[in-house]
1. Could you calculate the FRET efficiency of Ala97 with Leu66 from 1/(1 + (r/R0)^6), where r is the beta carbon distance between them and R0 is 22 Å, rounded to 0.05?
2. Extending each Cα 7 Å along its Cβ direction at Met25 and Leu74, get the distance between those two points in nm, one decimal.
3. Extending each Cα 7 Å along its Cβ direction at Ala41 and Val89, get the distance between those two points in nm, one decimal.
4. Only Lys, Arg, Asp and Glu count, each charged at its Cβ (+1, +1, -1, -1), so figure out the dipole size of the chain about its Cα centre, rounded to 20 debye.
5. Expressed as cubic angstrom per residue, what is the convex hull volume of the alpha carbon set of the stretch 2-101?
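Laboratory data are not the source of any read-out in this text; all were calculated from the coordinates shown. Predicted model only: the values in this text are computed from it and were never measured. Counting neighbours? That spans all protein chains shown, and the Cβs are built from the backbone with ideal geometry, glycine included.
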Amino acid sequence: MNRFKGVLPYFCVLLLDFYALPLLMRDTGSGMFLLLAAMPAICLAASAAFGVRNGLRLWYAPAVALLFAPSVPLFYNDTAWVYVPAFGVLALLGNLAALPFRKR
C-alpha cells in the first residue's frame with residue numbers, strides 16, 4: 001500500500017482530467033478540443049511528472065487506460081472506446097519521455 005501512495009496525486013490529476021473536464025463540454029467543437037487536445041496534454045504531462053518522480057513503471061499505462069474507461073459510457077458515445085488504449089499509450093510515452101530526467 002505504501003508504494004502506491006506515491007501515485008495518488010497523479011491519479012487525482014487524471015481523475016479530474018477524465019471526469020471533470022468533460023463537464024465543460026458545451027458543443028461538439030468544445031468536446032473535440034477537450035478530447036483531442038486538452039485531455040491528452042494533461043495526461044501526457046501527468047505521466048511525465050510521474051516518470052520523473054518514480055521512473056518507468058509498466059503498470060502505470062494500463063492503469064491510466066482503465067481509469068479512463070468508465071468515462072466513455074458516462075460522457076461519450078461508443079466511438080470513444082478507441083481513446084482507452086490511446087490514453088494508455090500516451091501515459092506510456094510520457095513515462096518513457098521522463099526517463100532522462102529521472103531523479104535518482
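1. In this case the efficiency is close to 0.55.
2. Between Met25 and Leu74, the simple spin-label model gives 1.3 nm.
3. The modelled label-to-label distance comes out at 2.1 nm.
4. The dipole of the chain has a size of about 700 debye.
5. In the stretch 2-101, the Cα hull volume divided by residue count equals 84 Å³.
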